[in-house]
Structure formats: structure tokens, C-alpha cells
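The values are calculated or read from the model by the stated rules, or taken from the named source; none is laboratory data. Note that the coordinates shown come from a computational prediction; the quantities given were computed from them, not determined experimentally. A quick note on method: Cβ atoms are made from the backbone with ideal geometry, for glycine too, and the neighbour counts reach across all protein chains shown.
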Amino acid sequence: MKYFGTDGIRGIYDRDLTRQLAYNAGLAASSLFDVCFVATDTRKSGEELSSALISGLKGGGCAVRKVGILPTPAVAFLSGKYGSGGIAVTASHNPPCYNGLKFFYKGCKLTSSCESLLEDDIDSPPAHIGGGMESEYDGRSEYIEYLLKNAPDLSGKHIAVDCAHGATFSVAQEVFSRCGARLTAVCCDDRGEEINCGVGALYPQNVLGKAPLCFSFDGDGDRLAVCDRSVVDGDSVLFNLALMLSPSGVVGTVMNNLALERALAARNVPFVRTAVGDKHIGECMRSCGYELGGEQSGHYIISPATSGDALLSALKVSEMDVIERLDLVPCVERSILSSKAVFASERLQKAVNESRATLGDGRLVVRMSGTEPKIRLMAQGEDESKLVGIIGELEKTILSLNKEFGI
């Protein structure tokens, strides 16, 4: 797609994602939504982008409910509760120079077919008819009450949270405090110029050791990292959630470790893989009737949530007395700056097919990033030296193709 990636529209502010694009996206989305909740994370570009977005929504006759700085899962919650649209102005875990737009309808991420239709309207926006109204809305209180209904009693429990200078700063401290936790708060402030900079879900070591149980959120609060005595890998977190919640089945992605699949199978828990992105996980959960899904990157969907919610996931993990670690199968990953043209080239596809044949019973995933101009490589198998060799050869092929394509 031209604008949509793994999770909405995203790019460097004022280069890839401009105010004009945000306006066109709002005008296009007004054909889908009669009412739309709009939130931002703490990025300094959020105000200008949300203003342009809202102008477009109102221009198409949509009623806009501004909820201010709130986590993306709060937008999903409000959108689902009221059967409306929702747009979060955020670039999730990306650095401050990025921003983005995440779209919801009735609590769920848009389907790929809906995104494709929206892209057509972004390039050829419908007529500006006006008439849309704009109002402030206290979505914060509703979201907090929803979380507390699903929260355990944490009286006397010492917990540390790292809000990454992002959107969860607006609610996390109140939620954990009202649950009775003794809280150590890190990066829990409105400093969007430092969002995700060496802090948050991508850098869980920033909060490690500050309490017996530590949680790190990304910039918009849909991604969670967990630490107790050390950093807990995402597959183990998902496995422990499955042990606690006893779902009828679990949905993962092509990136989840083989150890998770094997551990769930040993307990007769069905496990289904889908493409990367909690949008795909949510769709698969609904079609299969499963109540739990997640990615090793830290996105977990726990019913009744319809998309990744780091705060809800953290509250569930807080109930666990012990977090069991999986014995992970060796895994080697690389991310290489490249292009869609290189990714689609016959030479790379041939090298990938040859690598899969060499890997045998292991797993190889080669995909184009949906958030950055990178090709992501991942190999899993019992022989780590073989994995290193396979990934190394694929990396050489991509770098060689980069030169040919002038990248």
C-alpha cells in the first residue's frame, strides 16, 4: 500500500506525514465515521497533525470527540464502547521525529480492504461539505474505570513503571495507585521531545531493578515489556498469560518462538499464527473465537480488549506470583535498510527459498517492515551457528541488491 503499513499510516513528520496528508486522511475517514474519537501521544507534532486531521473529519461532516493525550488502547476502547470511529495520532515506539495515524472502527483496527479504500480517498478526497462539530470529551475517566474493573488488588505490591515520556503517563500512575500498588514511576511525564529515547518498551533495562516487578510501555501504550529479576521475553509473557487465563486458543504471529508453540501444544492449547501486527491477531481471534493473542514484541490482546493494551496486560501480569520462562529455541534476527523493490526481487526470493531448504525443520521469516524502510530477517532452529550463517548470507544478498538498486 502507498500510505498504510503494519499499523496505520506512519513516517517522519513534515516529510512522509504532512498536515496536508493528515487533512486528506481525515476527510477520507469521514466517509467511514459519523463520530470519531481523536487522541494524541506526547509528540510535539501531535497538535498540528491532530488539528489538520480534525479539520478534514469535520469537513466531511463527522462529529469529532477530542480526548487529548491518551494511550491508543483508550481510543480503541471508546470506539468499541460507542460503536464509532477512533484515530490515535501517534508513531507508537518510533523516535520523536516520527508520527502517525492509527484508525479504529467499533474498537477494531481497519481491515486491509478498508485501508485500501481509504487510500483511494486520500489521493482523491471527497468534497468538503462541512457541518462536522468538534467537542472536548473526558475519555480518560471512562478508560481508567474500564481498566480498574479488570484489575487485581495490588495492595502492598511494589511495582515500577516506565511510561517512555509517552501517552501512558496520563493514566498509568493513577491506575496502579488505585489498585493499591506501591509505585515507582519513571519517565512518567509529558516530554514528547524525548519519547522512546532510550526508555520504554524497547529499553526495559531502563527500569530493571527499580522494583521486584517492572513494566515498560511504548510511546502510545499498546506495547509492554516485563521485568522481574531480569527482562522476560515476550513469548514467555504470552505463555504465562495463557496459563493464567486458560483461553480456548491463542493467536500468535510468524515471529513467535517455536518454544511457545510447543509449550502450548503440550497443554493441548490450540495455537494459530498470523501475519505481524495486532490488527491481524485481532481479526484471527475473532474468527477463531479465541480470547488471547500476542506478539513476542510485546503486543498482547486479552478479551474484552480488541487490540493491544499494555496497561491491561500489565495488570494481568501483576496477578502472577511467578513468571515461568520458556526454554527458547535459538533465534537470529537482523533489520537491514532497503526497499520494497529489493524485497520483491527474484534474486532475493530465490535466496530465501534456498535458505529455507538449508534450514530444514527450523523457521525462516523474511518480511518488509510496515513501519520503516527495512527488510527484517528472522531464523529459528536448534543449530545457532547455522542460523547465523543463513542470516549472514541473506544480509549479503540484500546489501548487494541495495547497490544495484542505488540504495
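Listing for the model above:
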{"quantity": "Scan of the stretch 332-351 for residues that are touching a residue at least 24 places away in the same chain (Cβ under 8 Å), surrounded by fewer than 16 Cβ atoms within 10 Å (Cβ to Cβ) and either assigned to a helix (DSSP H, G or I) or of a type in the set (Gly, Ala, Ser) (or both), ordered by number", "calculated": "SER335, LYS340, ALA341, ARG347"}
{"quantity": "The lone exception for PHE37 - which of (1) closer than 15 Å to VAL75 by Cβ; (2) out of contact with any helix residue (DSSP H, G or I) (no Cβ under 6 Å at 6 or more places or on another chain) it fails", "calculated": "(2)"}
{"quantity": "Which numbered condition VAL199 fails, given (1) aliphatic (A, V, I, L, M); (2) modelled with pLDDT under 95; (3) in the same structural domain as GLY166 (by TED's automatic domain parsing)", "calculated": "(2)"}
{"quantity": "Filter result for ASP189 (farther than 22 Å from PHE37 by Cα, touching a residue at least 12 places away in the same chain (Cβ under 8 Å), surrounded by fewer than 18 Cβ atoms within 10 Å (Cβ to Cβ) and out of contact with any helix residue (DSSP H, G or I) (no Cβ under 8 Å at 6 or more places or on another chain))", "calculated": "no"}
{"quantity": "Candidates GLY59, GLY83, GLY68, GLY100 - the one that is within 15 Å of MET133 (Cα to Cα) and not charged (D, E, K, R)", "calculated": "GLY59"}
{"quantity": "Selected residue [within 30 Å of LEU183 (Cβ to Cβ) and basic (Lys, Arg)] from LYS350, LYS340, LYS316, LYS374", "calculated": "LYS316"}
{"quantity": "Single condition ASP222 does not satisfy, out of (1) farther than 19 Å from PRO95 by Cα; (2) part of a loop (DSSP other than H, G, I, E, B)", "calculated": "(1)"}
{"quantity": "Residue that is farthest from ALA305 (Cα to Cα) [pool: residues in the stretch 70-82 that are surrounded by fewer than 22 Cβ atoms within 10 Å (Cβ to Cβ) and either in the same structural domain as LEU224 (by TED's automatic domain parsing) or not aromatic (Phe, Trp, Tyr) (or both)]", "calculated": "LYS81"}
{"quantity": "Unique residue being closer than 17 Å to ALA28 by Cβ and touching a residue at least 40 places away in the same chain (Cβ under 8 Å) when the list is GLY107, GLY61, GLY46", "calculated": "GLY61"}
{"quantity": "Filter result (surrounded by fewer than 22 Cβ atoms within 10 Å (Cβ to Cβ) and either closer than 17 Å to GLY5 by Cβ or not polar (S, T, N, Q) (or both)) within the stretch 83-106", "calculated": "GLY83, PRO95, PRO96, CYS97, TYR105, LYS106"}
{"quantity": "Residues of the stretch 16-65 classified as among the acidic types (Asp, Glu) and in a strand (DSSP E or B), total", "calculated": "0"}
{"quantity": "ARG356 vs. criteria over 23 Å from GLY249 (Cβ atoms), surrounded by fewer than 18 Cβ atoms within 10 Å (Cβ to Cβ) and not assigned by TED's automatic domain parsing to the domain that holds SER92", "calculated": "yes"}
{"quantity": "Per-region count, the stretch 216-259, residues over 17 Å from ILE302 (Cα atoms) and of a type in the set (A, V, I, L, M, F, W, C)", "calculated": "7"}
{"quantity": "Candidates VAL67, VAL38, filtered to the one that is outside the structural domain of GLY221 (by TED's automatic domain parsing), modelled with pLDDT of 95 or more and crowded, with 24+ Cβ neighbours inside 10 Å", "calculated": "VAL38"}
{"quantity": "Residue, farthest from the chain's Cα centre (by Cα), within the stretch 150-178, restricted to residues that are at pLDDT below 95 and surrounded by fewer than 23 Cβ atoms within 10 Å (Cβ to Cβ)", "calculated": "GLY156"}
{"quantity": "Count of residues meeting criterion [in a helix (DSSP H, G or I) and of a type in the set (A, V, I, L, M, F, W, C)] in the stretch 364-398", "calculated": "6"}
{"quantity": "Test for THR6: is it farther than 24 Å from SER170 by Cα and free of Cβ contacts under 8 Å to residues at least 40 places away in the same chain", "calculated": "no"}
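Residues checked against (1) touching a Leu at 6+ places or on another chain (Cβ under 9 Å); (2) in contact (Cβ under 8 Å) with a residue 24 or more places away in the chain; (3) not assigned by TED's automatic domain parsing to the domain that holds ARG191:
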{"residue": "LEU213", "(1), (2), (3)": "no, yes, no"}
{"residue": "ASP218", "(1), (2), (3)": "yes, yes, no"}
{"residue": "ARG223", "(1), (2), (3)": "yes, yes, no"}
{"residue": "LEU241", "(1), (2), (3)": "yes, yes, yes"}
{"residue": "VAL250", "(1), (2), (3)": "yes, yes, yes"}
{"residue": "MET255", "(1), (2), (3)": "no, yes, yes"}
{"residue": "ALA259", "(1), (2), (3)": "yes, yes, yes"}
